[in-house]
1. Considering (1) in contact (Cβ under 8 Å) with a residue 40 or more places away in the chain; (2) within 21 Å of the chain's Cα centre (by Cα); (3) buried (at least 23 other Cβ atoms within 10 Å of the Cβ), say which one B:Tyr335 fails and leave the rest.
2. Out of A:Arg78, A:Arg129, report the one residue that is of a type in the set (Lys, Arg) and within 13 Å of chain B (Cβ to nearest Cβ).
3. Keeping to the range B:44-73, report how many residues are closer than 15 Å to B:Ile29 by Cβ, small (Gly, Ala, Ser) and either within 14 Å of chain A (Cβ to nearest Cβ) or in a loop (DSSP other than H, G, I, E, B) (or both).
4. May I ask you to say which residue of A:Glu85, A:Glu69, A:Glu77, A:Glu42 is in contact with a helix residue (DSSP H, G or I) (Cβ under 7 Å, 6 or more places away or on another chain) and under 24 Å from B:Gly333 (Cα atoms)?
5. Take the residues of the range B:271-304 that are free of Cβ contacts under 8 Å to residues at least 24 places away in the same chain and under 18 Å from B:Lys324 (Cβ atoms): which is surrounded by the fewest Cβ atoms within 10 Å (Cβ to Cβ)?
6. Just checking, does the range B:194-205 include any residue being surrounded by 20 or more Cβ atoms within 10 Å (Cβ to Cβ), away from chain A (no Cβ under 13 Å) and touching a Pro at 6+ places or on another chain (Cβ under 9 Å)?
7. Could we say that B:Ile66 is within 30 Å of B:Ile349 (Cα to Cα), assigned by TED's automatic domain parsing to the domain that holds B:Ser27, at pLDDT below 95 and out of contact with any Pro (no Cβ under 9 Å at 6 or more places or on another chain) here?
8. For the range B:326-344, which residues satisfy the criterion of being in contact with a helix residue (DSSP H, G or I) (Cβ under 8 Å, 6 or more places away or on another chain) and not β-branched (Val, Ile, Thr)?
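The values are calculated or read from the model by the stated rules, or taken from the named source; none is laboratory data. Model, not experiment: these values are computed from the prediction. Neighbour counts are summed over all protein chains in view; Cβ atoms, including those assigned to glycine, are modelled from backbone coordinates with ideal geometry.
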Number of protein chains: 2
Amino acid sequence: MFYKRLKHIKETLKKEKLDAVFLSNASNITYLSGYSNFSKDEREAYIFLGPDFGYIITDGRYSEAIKKEVPHLKLFERGGGKSTEELFKKHKSKIKSLGIEEDNLTVSEHKVIKKHFKNIKHIGFSNLRSIKDKEEVEKIKKACEIGDLAFKYILKKLKVGVSEKEIAQILKRFIEGNNAEISFPAIVAFGKNSSVPHHQTGKTILGPESSSGREGLIILLDFGVKWENYCSDMTRTVFFGEPSSKQKEIYNIVLEAQKKAIDYINSQIKLGKKIKTEDADKTARDYIIKKGYPSIPHSLGHGIGLEVHEQPYISIKSKEELKKGMVFSIEPGIYIENFGGVRIEDLYILGKDRLEQITNSSKELVII
Amino acid sequence: MFYKRLKHIKETLKKEKLDAVFLSNASNITYLSGYSNFSKDEREAYIFLGPDFGYIITDGRYSEAIKKEVPHLKLFERGGGKSTEELFKKHKSKIKSLGIEEDNLTVSEHKVIKKHFKNIKHIGFSNLRSIKDKEEVEKIKKACEIGDLAFKYILKKLKVGVSEKEIAQILKRFIEGNNAEISFPAIVAFGKNSSVPHHQTGKTILGPESSSGREGLIILLDFGVKWENYCSDMTRTVFFGEPSSKQKEIYNIVLEAQKKAIDYINSQIKLGKKIKTEDADKTARDYIIKKGYPSIPHSLGHGIGLEVHEQPYISIKSKEELKKGMVFSIEPGIYIENFGGVRIEDLYILGKDRLEQITNSSKELVII
């Protein structure tokens with residue numbers, strides 16, 4: 001599997017006329033090495049691949065583990081006086097052009113690389129992972145399954161007096177009780193808090209205090225599961241007490257917007273046409289605007305895998321196309337300040353003949 | 001508090017002869033804004049500070065929250081066609097020299113900045129947070145306190161048949177049950193696994209299977225707590241069954257190495273001399289080497305606060321000095337492949353007269 005992935009990189013290098021690549025993105029390093037224990041933001045490891053070499057560069061804390069678990073890459077241990085520059089010096093004569101990950105490499109790292117290589121070019125390795133293989137899909141599906149169970153479970157816990165934080169905590173415990181992890185801190189928003197798409201889950205208590213009455217209090221739950229490094233992500237919006245007609249209307253518009261995007265994708269598949277993420281987003285977005293509500297303040301969806309958000313991005317600003325084997329979210333929302341918000345998010349895999357939804361929680365309007 | 005922190009930045013700018021600064025490090029953004037809900041690796045926010053302006057730059061998902069919670073910075077909402085470049089254009093005439101965080105800013109972000117500014121200079125804002133104020137110290141102490149309770153609790157759970165993962169899980173639940181979070185995934189290493197300083201907590205089971213017998217099985221526990229965004233970090237190594245004389249010897253050497261570093265720091269305080277992190281590290285490291293064991297494959301310690309690892313770094317490669325108000329770890333270790341490892345880690349705050357240890361779990365050799 002890793003040989004296949006490394007081969008894919010080497011083919012891309014050929015296509016881009018690059019002799020070697022220096023990878024710094026932590027998820028790409030996990031993808032190519034199979035090792036997932038590096039910190040995501042502490043620059044603990046790199047991969048350096050060339051015509052006749054493949055190194056994983058890290059420090060002494062990881063050496064023993066890397067030797068055991070990553071036999072397909074040669075370990076270069078830096079630290080204790082040994083710097084990555086030694087490797088650059090050793091191989092630079094063979095490397096006329098080097099690929100880097102511009103969106104990830106820092107200015108300081110770039111400075112060191114520039115000392116050794118003249119022709120440095122950005123290489124878009126972030127889409128390296130956008131088409132998932134069978135094993136990856138299985139892991140994401142398993143994460144989704146646990147997410148569905150968690151949603152069922154949490155509905156029973158939504159009672160007067162409970163706080164957003166407590167609900168997030170209960171979700172977390174449930175997920176961990178299923179031998180998984182959370183893929184990100186759950187967003188739990190009660191009432192008006194739901195109008196902030198990324199509300200910071202807080203101390204707001206469920207009950208009349210947080211609304212004008214018991215009726216129609218919005219509860220937005222956005223959470224995900226990580227199973228063997230692979231993430232899920234889903235959002236459901238439910239109502240505590242009978243929703244007002246405006247709340248119901250908003251809910252149905254959001255649900256219909258999601259359906260419009262799905263229909264667009266399925267019809268393109270049938271027609272054998274290109275599926276532009278830009279158009280998928282526009283389909284849902286325009287429907288919401290047409291109904292008199294504000295444009296979605298985020299993109300319609302995102303790829304998911306080793307990271308919660310990764311390519312492809314389903315966005316009006318994106319020029320990407322959806323392809324077979326991609327796994328992504330579709331998550332329209334309507335948010336109104338001082339009123340509240342509704343978002344519905346599911347994950348899908350693009351199959352041969354149709355889009356398959358892999359989060360399976362009900363989308364019927366739930367009243368608690 | 002935020003005004004004081006912003007003032008500190010502006011003073012540094014003056015000292016460095018910079019007119020403005022563009023900050024991208026997520027922890028620095030939390031430190032200066034008080035808002036902690038941004039993703040750490042998705043480049044969701046920036047702070048742009050100049051002679052007569054202070055912006056927080058983010059997208060529509062966060063606008064409402066930022067308006068409410070960050071009144072001391074002006075919100076610039078990007079997205080929907082609005083780019084940060086608009087801000088650059090508006091203010092560039094006043095800015096002859098701009099500071100950036102080279103260790104954090106990506107090559108792509110730098111490219112955009114270079115279009116607008118000519119004189120761009122690295123500014124070491126990572127030590128912005130190294131001296132903690134009273135409130136920060138209180139939060140770290142509270143995190144340490146919960147960590148101490150967690151250690152006491154976990155000792156009772158170390159029984160034959162339990163796995164590393166389960167122990168990590170139980171620690172996590174205990175910490176979360178105390179309304180805190182883990183500051184990083186706990187490292188739990190049984191037996192020989194402990195020879196990897198950053199062992200990936202796995203399925204190894206406690207009991208005779210994972211060692212030659214029940215005697216002297218090493219259990220290394222490295223974990224931390226996050227309380228109101230502030231982290232703690234500690235490591236204890238305990239023994240399951242009577243340790244061998246070699247295991248005992250190693251344990252005592254590591255403990256003594258920690259004490260040597262503490263003594264060095266305290267004696268420098270008494271003498272009113274500079275406390276060099278380099279010398280603190282060397283004191284502990286040389287002691288271990290003198291005793292015939294391998295040099296520590298990591299640095300002796302690290303600052304801690306909003307991040308688990310931050311400045312100051314207590315390392316032979318560091319030129320930093322320890323100053324009053326700094327909070328950091330001292331964590332010597334000895335690791336022997338196919339045998340095991342011992343690490344002892346505590347957190348300290350540098351007070352006026354002496355070093356104060358703020359993790360308070362016993363360091364007596366524990367046999368379970």
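1. Answer for B:Tyr335: the failing condition is (2).
2. Exactly one residue qualifies, and that residue is A:Arg78.
3. So the count comes out to 2.
4. Numbers: A:Glu85 fails: under 24 Å from B:Gly333 (Cα atoms); A:Glu69 fails: in contact with a helix residue (DSSP H, G or I) (Cβ under 7 Å, 6 or more places away or on another chain); A:Glu42 fails: in contact with a helix residue (DSSP H, G or I) (Cβ under 7 Å, 6 or more places away or on another chain).
Just a single option satisfies the conditions, and that option is A:Glu77.
5. It comes out as B:Gly272.
6. no
7. Numbers: within 30 Å of B:Ile349 (Cα to Cα): no; assigned by TED's automatic domain parsing to the domain that holds B:Ser27: yes; at pLDDT below 95: yes; out of contact with any Pro (no Cβ under 9 Å at 6 or more places or on another chain): yes.
So B:Ile66 does not fit the description; no.
8. Kept after step one, since they are in contact with a helix residue (DSSP H, G or I) (Cβ under 8 Å, 6 or more places away or on another chain), are these residues of the range B:326-344: B:327, B:330-344.
Residues satisfying the conditions are B:Glu331, B:Pro332, B:Gly333, B:Tyr335, B:Glu337, B:Asn338, B:Phe339, B:Gly340, B:Gly341, B:Arg343.
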